[in-house]
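Novice: Just dropping this structure here.
The values are calculated or read from the model by the stated rules, or taken from the named source; none is laboratory data. All of these numbers come straight from a predicted model, not from anything done at the bench. Positions of Cβ are generated from backbone atoms using ideal geometry, with glycine treated the same way; all protein chains shown enter the neighbour counts. Protein only, heavy atoms only, side chains kept; ligands, DNA and RNA dropped before computing areas. Shrake-Rupley method; radii C 1.70, N 1.55, O 1.52, S 1.80 Å.
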Number of protein chains: 2
Amino acid sequence: MQPQTPDWVRDAVFYQIFPDRFARSVTVPKPKHLDEWGATPTYHGYQGGDLIGVIEHLDYLQDLGINAIYFTPIFQSASNHRYHTHDYEKVDPMLGGNSALGRLIEEAHARRIRVVLDGVFNHASRGFFQFHDIMENGQNSAYLDWFHINGFPLNAYDAEKKPNYGAWWGLPALPKFNTGSPEVREFLWGIGRRWIDAGIDGWRLDVPNEIDDDSFWREFRRRVHAGNPEAYIVGEVWTDSQRWLQGDMWDAVMNYQFTKACVAYFIGEKVNEKELRPTALHPAGAPGAESFKRAIERLLGLYAPEINAVMLNLLGSHDMARFVTLANDDVSAFRLATTFQLTYPGAPSIYYGDEVGLRGGHDPFNRGAFPWHRPEAWDRDLLHEFQRLISLRRARPALRRGSFKILHAAGDLLAHTRQLDGETIVVAFNAATRHHKLSIPMQGVADDDTVFEEPGKPRSAQKVQAGALHVELPPRSSLILATPFPG
Amino acid sequence: MQPQTPDWVRDAVFYQIFPDRFARSVTVPKPKHLDEWGATPTYHGYQGGDLIGVIEHLDYLQDLGINAIYFTPIFQSASNHRYHTHDYEKVDPMLGGNSALGRLIEEAHARRIRVVLDGVFNHASRGFFQFHDIMENGQNSAYLDWFHINGFPLNAYDAEKKPNYGAWWGLPALPKFNTGSPEVREFLWGIGRRWIDAGIDGWRLDVPNEIDDDSFWREFRRRVHAGNPEAYIVGEVWTDSQRWLQGDMWDAVMNYQFTKACVAYFIGEKVNEKELRPTALHPAGAPGAESFKRAIERLLGLYAPEINAVMLNLLGSHDMARFVTLANDDVSAFRLATTFQLTYPGAPSIYYGDEVGLRGGHDPFNRGAFPWHRPEAWDRDLLHEFQRLISLRRARPALRRGSFKILHAAGDLLAHTRQLDGETIVVAFNAATRHHKLSIPMQGVADDDTVFEEPGKPRSAQKVQAGALHVELPPRSSLILATPFPG
């Protein structure tokens, strides 16, 4: 089967928002016991971000250039990350409730910004109604088959005992759904559809590989597509994912294999091992451009082009230390990697705050509040670089929909090209700490005398000569060269 | 202040429904693990009644003659009685969810039947979102001030330890709200209003005296009345309730003092002590008509007439053994008491199933499934008696809105009268097991030669003679005599 993936994702640049930490509106009533905005993040404390706060910063996001938002969970949950779902039918009251999501969808769509939510369907929380019913009623519960119960009474809050029910990673707070139960299946499929009907543009699926049941995901896709045939379904799987990416289940995965390759090449040996270790990105691959080429080409070979075109390519998320922190504060590594991300096929995803240089180690420190309150702390050069690269990607179809080919990969140097309809873009990277000259081989890409220039810099024009583009690359730099806009 | 109470309640005959046990529709999807319909009730098992089942039996209720339903709780709850609220904004999915309530309100209103819900605002449940948040996040919870927390971690599910938080009657399953918190007050008032806006006609308040704060209830009344000035607010208080019945808080209480007087007089010494003891009706008062007269007159003297006119007068509820069971199966006691109830000022409330002679001891046995599945078990004579009495009450304004006076009370014999606009009704009771003649003194009530008859029996006509009505009362019987319809 030829996979069909949503066309709009080919043109999307995502921005990932962790709702408790992005922006806090004074118009949303809040409970009293909140941590201060910008406090060092803790496992349990709330800082009170909300969806109206997001609406209030849509201008900022539009200036940044993104046109899609992926939200980590927003449903009612007794955890600041909201992965412990208490109610799948309610947006958390602290975020502004269902009405805030309705407004957000409306205002985002008015700006042609899409909205993707996080679907946590593998497990619920101890307070989730049907699990709570078993807690309260034991064997008399009406909902025994909703979970995997091994004994009574449930050991749900007794830290001395292991949970006597199926729980994600054995964590008592996260009872695993029995997705073999017809009721549970209908419930979860219904939730999938319910929010599509409310106007969202897709689902990011949390640990979906743990629902080891292809028929579940096939029906999930059918239900979601019945509501919106262009909805995007992207799974959180950190490893190769061919099983689910044949066109009948999901459109894409969060491309952590891409992340891992970028860590190896753009950070290289300077990587902060302590911060990398808690993730599946550890150990990073071998450094150097050759390894990177192999990793990227292998990855592209795993999936059909229709899948690669909509993969969610990320350099940061709430589940890993921020890229700059992984690089021990070497911002150049992040700039290089971002240049690659934004000139590579698939949908780039920017983790909120990365664009202004926010730092943060592994959970919970990677979830700091966006520093609206400390504009002096923003890395404005980095922000402008993001704006430039996003703007370029959106201006040049070849960067979004063009072919991809690595033209050169040796030592610290890499060059690749994107081509579409007579438009050619070449991107070169020098990951070394010293100056390099590079002759990028252009055979089969562009004829001699083809003019390239750095976008926006007409004086930088140069021609292909003797089958190559000859470029100078200062230490830790990248260069984008493009044929001028056709016409 | 002159109390203003809803006019419609003066004409109301309530039917109290325990939703898990009244009627089960095949159209509402149900979880698997339900007890059989009609099984001996247990503390924890569900039998799967729902609100669509109620709609499907509105014909029955209309034939019975009632014109208002008071539902014990219907919001999402992990208990078959649903007093442990998990979510105040959702009708329990097993009952059909919010849409079922919407349909029910619409269809009931189309038949001029009012709908009153049970508001459990003193305490929530362990799975209620904000309490769950404290369970999950401890001192970092955003909602610490929603409850009365005395230590961490919470001992909520450890049966060995007492709860270290305020809980109703010390029951860990029922954390008491901190109604001193502005957030909690707004939340509860908001719930009060939210369902009024959804079309309900009033609130029965669960243990409202335990929210020891008149300002809370005054504002509750304002919020509810802002949505519907004719909404009925009736508190569950088993004792004298003048504090709340001055016109600024509630309209009425569940009149268990009335119940208690009826137990003493109509059941008398034959009362089942074992079944009475678990309730605040124990010990029953002294038997005999004189005691009954004193009890009733004392009760009427406690409140303004506008309050007495809308008191919720009940002979049964989910919180006491069924009246017939209290009477050790002496149906005559229940028939006599029902005749009094339906000829007395205030709104009679019939506990579902009592009208067909359903038996049942104290919780949980008083919550048996309505025997739709066993029509042969119905006491049809009793049902017809209910239909006759309700029909009479609805036909004769004096029974609903007339003055009330006890004309005779001595030994086992009692007579009272209701008068309005030239209409006079006299009701006489013989609680003895032998035949009695009674001369009911009519001075100041009706002149000599005034004709009375048993409603619907013109041949029973008799006249007031020498200032009295002379009646024959078979053992354990009552007699209703009325002036013919004016015009």
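Novice: Can you list the aspartates and glutamates whose alpha carbon is less than 18 Å from that of B:LYS32, not counting same-chain residues fewer than 8 positions off?
Specialist: Result set, ordered by chain and number: A:ASP133, A:GLU136, A:ASP145, A:GLU183, A:GLU186, B:ASP20, B:ASP50, B:ASP92.
Novice: If you don't mind, another one. Which positions within region B:68-83 get 30 Å² or more of their accessible surface covered by the other protein chains, compared to the chain by itself, with a 1.4 angstrom probe?
Specialist: With the partner chains in place, region B:68-83 has these residues losing at least 30 Å²: B:ALA78.
Novice: List the distances, in nm to one decimal, from the label point of A:TYR60 to the label points of the same position in every other copy, shortest first, placing each label point 7 Å from Cα along the Cα-to-Cβ direction.
Specialist: Spelled out, the distances from A:TYR60's label point are 6.0 nm.
Novice: In whole percent, and with a 1.4 Å probe on the protein chains, what portion of the accessible area of region B:241-386 is carbon and sulfur? Working shown, then result.
Specialist: Numbers: 2300 of 4440 Å².
Whole-percent figure for carbon plus sulfur exposure: 52.
Novice: More than 50 angstrom separation, counting every C-alpha pair in the protein assembly as shown; what % is that?
Specialist: Roughly 37 percent, rounded to a whole number.
Novice: At the nearest 100 Å², what buried accessible area, both sides summed, do you get for B and A when the probe is 1.4 Å? Intermediate values should be presented prior to the final figure.
Specialist: Values: alone 19140 and 19150 Å², together 34960 Å².
Interface between B and A: roughly 3300 Å².
Novice: Note the direction-averaged projected area, equal to a quarter of the hull surface, for the Cα convex hull of chain A, in nm². Working shown, then result.
Specialist: Working: hull surface 93.6 nm².
Over all viewing directions, chain A projects a mean Cα-hull area of 23.4 nm².
Novice: Within 14 Å, Cβ to Cβ, of A:GLN139, how many net charges do the neighbouring residues add up to if Lys/Arg are +1 and Asp/Glu are -1? Kindly include the intermediate steps, with their values, before the conclusion.
Specialist: Numbers: positive: B:LYS32; negative: A:ASP133, A:GLU136, A:ASP145, B:ASP35.
That sum, taken over residues with Cβ under 14 Å, equals -3.
Novice: Relative contact order for region A:34-105: what percent, with Cα pairs under 8 Å and sequence separation of 6 or more? Write out the running numbers ahead of the final one.
Specialist: Values: 78 pairs, mean separation 20.8, N = 72.
Relative contact order here is 29 percent.
Novice: What trypsin sites (Lys or Arg not before Pro) does region B:1-93 have in DSSP loop regions with at most 12 other beta carbons within 10 Å?
Specialist: On the way: sites: B:ARG10, B:ARG21, B:ARG24, B:LYS32, B:ARG82, B:LYS90; in loops: B:ARG24, B:LYS32, B:ARG82.
Those satisfying the criteria are B:LYS32.
Novice: Here's another thing I want to ask about it. Quick one, can you get me the convex hull of the C-alpha atoms of region B:125-207 expressed as volume per residue in Å³? Working shown, then result.
Specialist: Values: hull volume 8.4 nm³, N = 83.
Convex hull volume per residue, Cα atoms: 101 Å³.
Novice: While we're looking at this one, here's another question. With a Cα-only, solvent-free Debye model of region A:118-271, what are the log10 I(q)/I(0) values at q = 0.15 Å⁻¹?
Specialist: With one equal scatterer per Cα and no solvent, log10 I(q)/I(0) is -0.85.
Novice: Give, ordered by residue number, each residue of region A:29-65 whose 1.4 Å probe accessible area is reduced by a minimum of 30 Å² on adding the remaining protein chains to the chain alone.
Specialist: Correct list: A:PRO31, A:LYS32, A:HIS33, A:HIS44, A:TYR46.
Novice: Taking only Cα atoms, what is the 0 to 90° angle, nearest 10, from helix B:182-197's long axis to the longest principal axis of chain B?
Specialist: Its long axis makes an angle of about 50 degrees.
Novice: If you take every residue apart from B:GLU36 with its C-beta less than 14 Å away from the C-beta of B:GLU36, what net charge results, scoring Lys and Arg +1 and Asp and Glu -1?
Specialist: Working: positive: B:ARG21, B:ARG24, B:LYS30, B:LYS32, B:ARG374; negative: B:ASP20, B:ASP35.
Local net charge: +3.
Novice: Hey, what angle do you get for helix A:289-302 against the long axis of chain A, alpha-carbon based, 0 to 90 degrees rounded to 10?
Specialist: Taking the Cα atoms of chain A, the angle to A:289-302 is about 50 degrees.
Novice: In Å², and per residue, what accessible area does region B:135-255 have when probed at 1.4 Å with the other protein chains present? Can you show the working numbers first?
Specialist: Working: 4620 Å² over 121 residues.
Accessible area per residue, region B:135-255: 38 Å².
Novice: Dividing the convex hull volume of the Cα atoms of region B:402-482 by its residue count, what figure in Å³ per residue is obtained? Present the calculation step by step, with values, prior to reporting the outcome.
Specialist: Values: hull volume 7.0 nm³, N = 81.
Convex hull of Cα atoms, per residue: 86 Å³.
Novice: Separate question: Summing -39500 (n - 2.57) over the DSSP H runs of n ≥ 4 in chain B and dividing by its residue number, what mean residue ellipticity at 222 nm do you reach, to the nearest 500 deg cm²/dmol?
Specialist: Details: 15 runs with 135 residues, N = 487.
Only helices count here, giving -8000 deg cm²/dmol.
Novice: For region B:1-109, what mean projected area does the convex hull of the alpha carbons give, in nm²? Before the final figure, lay out the partial values.
Specialist: Numbers: hull surface 34.4 nm².
Across all orientations, region B:1-109 yields a mean hull projection of 8.6 nm².
Novice: Below 8 Å between Cα atoms, with a sequence gap of 6+, how large is the relative contact order for chain B in percent? Before the final figure, lay out the partial values.
Specialist: Values: 1041 pairs, mean separation 65.6, N = 487.
About 13 percent, as a whole number.
Novice: Summing Lys, Arg as +1 and Asp, Glu as -1, what charge do residues with Cβ under 13 Å from the Cβ of A:TYR232 carry, A:TYR232 excluded?
Specialist: Local net charge: -3.
Novice: First compute the accessible area of region A:402-482 with a 1.4 Å probe, then give the percent of it belonging to carbon and sulfur atoms. Provide the component values of the computation, followed by the final result.
Specialist: Details: 1770 of 3680 Å².
Reported share for carbon and sulfur atoms: 48 percent.
Novice: Defining the label point at 7 Å along Cα→Cβ, can you sort the distances from A:LYS30 to the same site in each other copy, shortest first, in nm?
Specialist: 4.7
Novice: If r is the Cβ-Cβ distance from B:GLN462 to B:MET1 and R0 is 45 Å, what FRET efficiency results, to the nearest 0.05? Write down the numbers at each step before the final one.
Specialist: On the way: r = 45 Å, r/R0 = 1.00.
Given R0 = 45 Å and the Cβ-Cβ separation, E is 0.50.
Novice: Output the residues of region A:134-163 meeting this criterion: accessible area (heavy atoms, 1.4 Å probe) in the chain alone minus accessible area with all protein chains in place is 20 Å² or greater.
Specialist: The answer is A:MET135, A:GLU136, A:ASN137, A:ASN140, A:ALA142, A:TYR143, A:LEU144, A:ASP145, A:TYR157 - residues whose exposure falls by at least 20 Å² when every protein chain is included.
Novice: A follow-up question, please. Length gain on complete extension for the stretch B:GLU273 to B:ASP213, per 0.36 nm per residue less the alpha carbon to alpha carbon distance? Before the final figure, lay out each step's value.
Specialist: On the way: separation 60, 0.36 × 60 = 21.60 nm, distance 3.51 nm.
Roughly 18.1 nm would be gained on extension.
Novice: Treating the point 7 Å from Cα along Cα-beta-carbon as the label, what are the nm separations from B:LYS463 to the other copies, to one decimal?
Specialist: Between copies, matching label points for B:LYS463 lie 13.4 nm apart.
Novice: Distances over 25 Å make up what percent of all Cα-Cα pairs in region A:313-420?
Specialist: On the way: 1473 of 5778 pairs.
Above the 25 Å cut-off, region A:313-420 has 25 percent of its Cα pairs.
Novice: Mind pulling the angle between the C-alpha long axis of helix B:97-110 and the longest principal axis of chain B? Nearest 10 degrees, somewhere in 0 to 90.
Specialist: 20
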